[in-house]
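Take this structure, written in structure tokens, and hold onto it; I'll ask about it next.
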Amino acid sequence: MKRNLLIILIITSGVFAADQIEPSEDQETDVSGKEGKPVILNCSYETSSENVFLYWYRQYPNRALQYLLLRGARQQSDSNIADHRFSSTTSSSSTELTLREPRLADTALYYCALRVGAQ
């Protein structure tokens with residue numbers, strides 16, 4: 001029997017005052033979907049650095065953050081994915097997380113984070 005509701009919240013964190021990351025303007029902070037149907041979360045970022053690393057994490061209630069993946073952007077092409085149901089694309093100003101086959105157990109807080117390297 002398929003369940004009909006999956007709720008995902010997105011929260012963001014920044015690194016330095018000059019560098020910032022936040023949900024994209026068209027991204028709701030409360031996202032719901034159906035099990036088995038892809039869910040997409042978006043964050044936009046600003047930085048003057050060309051060495052950009054974008055991370056995605058999730059957190060279940062009363063639990064530590066769980067690493068999902070890393071994607072490089074701009075001059076970085078690094079990639080590391082812990083759970084292959086997740087994928088990510090990046091541009092020079094945004095990152096997108098796709099959960100291909102969500103389950104009710106994926107209901108959590110999702111964080112996008114920005115790290116910049118030295119020029």
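The values are calculated or read from the model by the stated rules, or taken from the named source; none is laboratory data. These numbers come from a predicted model, not from an experiment. Cβ coordinates were reconstructed from backbone atoms using ideal geometry, including for glycine residues, and neighbour counts include every protein chain displayed. What goes into the accessible areas is simple: the full protein's heavy atoms, side chains included, and nothing from ligands, DNA or RNA. Shrake-Rupley method; radii C 1.70, N 1.55, O 1.52, S 1.80 Å.
For region 27-40, name all the residues that are touching an Asp or Glu at 6+ places or on another chain (Cβ under 7 Å) and assigned to a strand (DSSP E or B). Walk me through how you get there before you give the answer.
Keep residues of region 27-40 that are touching an Asp or Glu at 6+ places or on another chain (Cβ under 7 Å), which gives 36, 40.
If the condition is that a residue be touching an Asp or Glu at 6+ places or on another chain (Cβ under 7 Å) and assigned to a strand (DSSP E or B), then 40 is the only one that fits.
Say we look at region 13-41 and pick out the residues that are open to solvent by less than 40 Å² (accessible area, probe 1.4 Å) and within 15 Å of the chain's Cα centre (by Cα); which of these is modelled with the lowest pLDDT?
27
Related question: I'm trying to understand the selection: among the residues of region 68-108, which are of a type in the set (Gly, Ala, Ser) and over 10 Å from residue 54 (Cα atoms)?
Within region 68-108, the first condition is being of a type in the set (Gly, Ala, Ser), and the residues that meet it are 72-73, 77, 79, 82, 87-88, 91-94, 105, 108.
Result: 77, 82, 87, 91, 92, 93, 105, 108.
Separate question: Would you tally the residues in region 105-119 being under 15 Å from residue 23 (Cα atoms) and either surrounded by fewer than 16 Cβ atoms within 10 Å (Cβ to Cβ) or hydrophobic (A, V, I, L, M, F, W, C) (or both)?
Here is the first cut: in region 105-119, the residues under 15 Å from residue 23 (Cα atoms) are 109-114.
Subsequent filtering for residues that are either surrounded by fewer than 16 Cβ atoms within 10 Å (Cβ to Cβ) or hydrophobic (A, V, I, L, M, F, W, C) (or both) retains 109, 112-114.
The number of residues fulfilling the criteria is 4.
Could you list, in sequence order, the residues of region 42-82 that are at pLDDT below 85 and assigned to a loop (DSSP other than H, G, I, E, B)?
75, 76, 77, 78, 82
Within region 42-51, track down each residue that is surrounded by 13 or more Cβ atoms within 10 Å (Cβ to Cβ) and not aromatic (Phe, Trp, Tyr).
The answer is 42, 43, 44, 47, 49, 50, 51.
Now, a different point. Within region 52-87, which residues are closer than 26 Å to residue 34 by Cβ, open to solvent by less than 50 Å² (accessible area, probe 1.4 Å), more than 10 Å from the chain's Cα centre (by Cα) and of a type in the set (A, V, I, L, M, F, W, C)?
81
Between a residue in region 34-48 that is aromatic (Phe, Trp, Tyr) and any residue that is surrounded by fewer than 16 Cβ atoms within 10 Å (Cβ to Cβ) and at pLDDT 90 or above, which pairs come within a Cβ distance under 8 Å, given they are 6 or more apart or on different chains?
45/93
Here's a follow-up. Please verify whether region 88-104 includes one or more residues that are part of a loop (DSSP other than H, G, I, E, B), surrounded by fewer than 16 Cβ atoms within 10 Å (Cβ to Cβ), among the basic types (Lys, Arg) and free of Cβ contacts under 8 Å to residues at least 12 places away in the same chain.
No, that holds for no residue.
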